[in-house]
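Trainee: Here you go, one structure.
The values are calculated or read from the model by the stated rules, or taken from the named source; none is laboratory data. None of these values were measured; they are calculated from a predicted model. Quick reminder, even Gly has a Cβ in these numbers, built from the backbone with ideal geometry, and neighbours come from all protein chains shown.
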Amino acid sequence: MSAPALQITLREIAGGRVAEASLCGAKALNLVDQGILTQATAEFDALFASHDDLRCVLLRGVSERAFVGGANLHALGALEQSTAEAFIRSVHGLCAALRRAPVPVVAVLRGYCLGAGLEIAAACDIRLGDDSVRAGMPEVRVGVPSVVEAALLPGLVGWGKARELMLRGHLIDADEALAIGLLQQRVPAADLDALATTVAADIVAGAPDAIAAQKALFLEWEEHAMSGAIERGVEAFVAAYSGSEPRRAIADFFARRGSRA
């Protein structure tokens with residue numbers, strides 16, 4: 001039996017049941033691949049199915065260095081056009097599970113939040129972070145466009161910032177992430193857990209059916225524009241593997257870093 005992709009602890013906050021879930025990626029930067037993403041999606045769905053009294057999920061990365069440092073580049077570099085769609089749909093699958101969850105999902109960010117990790121964070125309802133947060137969408141630097149739930153970013157940070165993040169592929173710090181609205185709140189590292197507890201308590205204070213209805217409305221509002229964007233993004237990602245650019249760009253990435261990561 002494989003190790004779980006999520007470490008889940010249930011606790012009571014302000015009289016309501018809250019799930020603390022840590023996404024278990026690989027290595028210090030908490031990297032994800034198709035297997036981890038697919039398993040995490042199934043485990044999220046099982047969590048919601050088995051706990052109908054759940055009021056909130058606090059989602060973290062298992063590594064102190066990263067929420068999710070992005071896709072494992074070894075896995076990304078091994079993709080072919082025939083396998084690219086299954087991989088990118090696994091990213092979308094987890095994001096969709098978070099968006100359609102019947103309770104609010106709060107991303108609690110420390111360290112790096114890159115690429116697929118930022119898409120996962122964007123799919124959450126609220127994003128909290130500490131001073132260590134470094135966020136970015138570096139996909140173009142490894143030969144593929146930013147797709148699927150990257151389509152949420154213009155609604156979060158505006159079209160100008162979303163374009164800048166996806167075209168430059170650079171990292172922004174916690175101050176900028178807060179200023180552009182990517183983070184809703186930023187606090188010192190020592191205060192992050194207390195802030196997450198406070199936000200969860202506020203959610204628990206709401207009426208459960210009203211919270212569920214509000215989440216369903218968010219999804220409906222977004223879906224009017226999102227569904228076409230997601231499908232077009234899948235097509236663009238798969239098309240990137242019709243040529244050699246992703247493999248060359250990823251090989252160059254490792255060459256510059258002495259094959260680390």
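Trainee: Report the residue count in the stretch 63-106 for those that are within 15 Å of ILE230 (Cβ to Cβ), out of contact with any helix residue (DSSP H, G or I) (no Cβ under 6 Å at 6 or more places or on another chain) and among the polar types (S, T, N, Q).
Mentor: Number satisfying all stated conditions: 0.
Trainee: I'd like the full set of residues that are under 15 Å from ALA97 (Cα atoms) and either β-branched (Val, Ile, Thr) or at pLDDT below 95 (or both), limited to the stretch 29-44.
Mentor: Once the filter is applied, which keeps residues that are under 15 Å from ALA97 (Cα atoms) and either β-branched (Val, Ile, Thr) or at pLDDT below 95 (or both), the stretch 29-44 yields ILE36, THR38, THR41.
Trainee: Given LEU167, LEU153, LEU195, LEU178, which one is in a helix (DSSP H, G or I) and surrounded by fewer than 16 Cβ atoms within 10 Å (Cβ to Cβ)?
Mentor: LEU167
Trainee: Hey, can you tell me all the residues within the stretch 10-25 that are surrounded by fewer than 18 Cβ atoms within 10 Å (Cβ to Cβ) and either of a type in the set (A, V, I, L, M, F, W, C) or without any contact (Cβ under 8 Å) to a residue 12 or more places away in the chain (or both)?
Mentor: Passing the criteria: LEU10, ARG11, GLU12, ALA14.
Trainee: Which one is farthest from ARG141 (Cα to Cα) among residues in the stretch 76-86 that are surrounded by fewer than 23 Cβ atoms within 10 Å (Cβ to Cβ) and under 20 Å from the mean Cα position of the chain (by Cα)?
Mentor: Residue satisfying both the conditions and the ranking: ALA86.
Trainee: If you don't mind, there's one more thing I want to ask. In this structure, is GLU20 acidic (Asp, Glu) and closer than 25 Å to ALA71 by Cα?
Mentor: yes
Trainee: Give me the residue from the stretch 107-119 that is in contact (Cβ under 8 Å) with a residue 40 or more places away in the chain and in contact with a helix residue (DSSP H, G or I) (Cβ under 6 Å, 6 or more places away or on another chain) and, out of that set, nearest to LEU29 (Cα to Cα).
Mentor: Per the stated criteria, the residue is CYS113.
Trainee: A follow-up question, please. Quick check on the stretch 36-46: of everything there that is surrounded by fewer than 19 Cβ atoms within 10 Å (Cβ to Cβ) and among the hydrophobic types (A, V, I, L, M, F, W, C), which residue is farthest from ASN72 (Cα to Cα)?
Mentor: Applying the filter and picking the extreme gives ALA46.
Trainee: Among the residues of the stretch 112-145, write down those that are in a loop (DSSP other than H, G, I, E, B) and either surrounded by fewer than 24 Cβ atoms within 10 Å (Cβ to Cβ) or over 13 Å from the mean Cα position of the chain (by Cα) (or both).
Mentor: CYS124, ASP125, ASP131, SER132, VAL133, PRO138, GLY143, VAL144, PRO145
Trainee: Return only the number of the condition from (1) farther than 19 Å from ILE250 by Cα; (2) surrounded by 18 or more Cβ atoms within 10 Å (Cβ to Cβ) that TRP159 does not satisfy.
Mentor: (2)
Trainee: Could you list all residues from the stretch 52-83 that are over 21 Å from ALA19 (Cβ atoms) and among the β-branched types (Val, Ile, Thr)?
Mentor: Of everything in the stretch 52-83, just one residue is over 21 Å from ALA19 (Cβ atoms) and among the β-branched types (Val, Ile, Thr), namely THR83.
Trainee: Mind listing just one residue for me: the one in the stretch 157-197 that is touching a residue at least 60 places away in the same chain (Cβ under 8 Å) and among the small types (Gly, Ala, Ser) and, of those, farthest from GLU139 (Cα to Cα)?
Mentor: ALA196
Trainee: Continuing with this model, one more query. Of everything in the stretch 69-100, what is under 18 Å from ARG134 (Cα atoms), of a type outside the set (S, T, N, Q) and outside any strand (DSSP E or B)? Give them in sequence order.
Mentor: GLY69, GLY70, listed by residue number.
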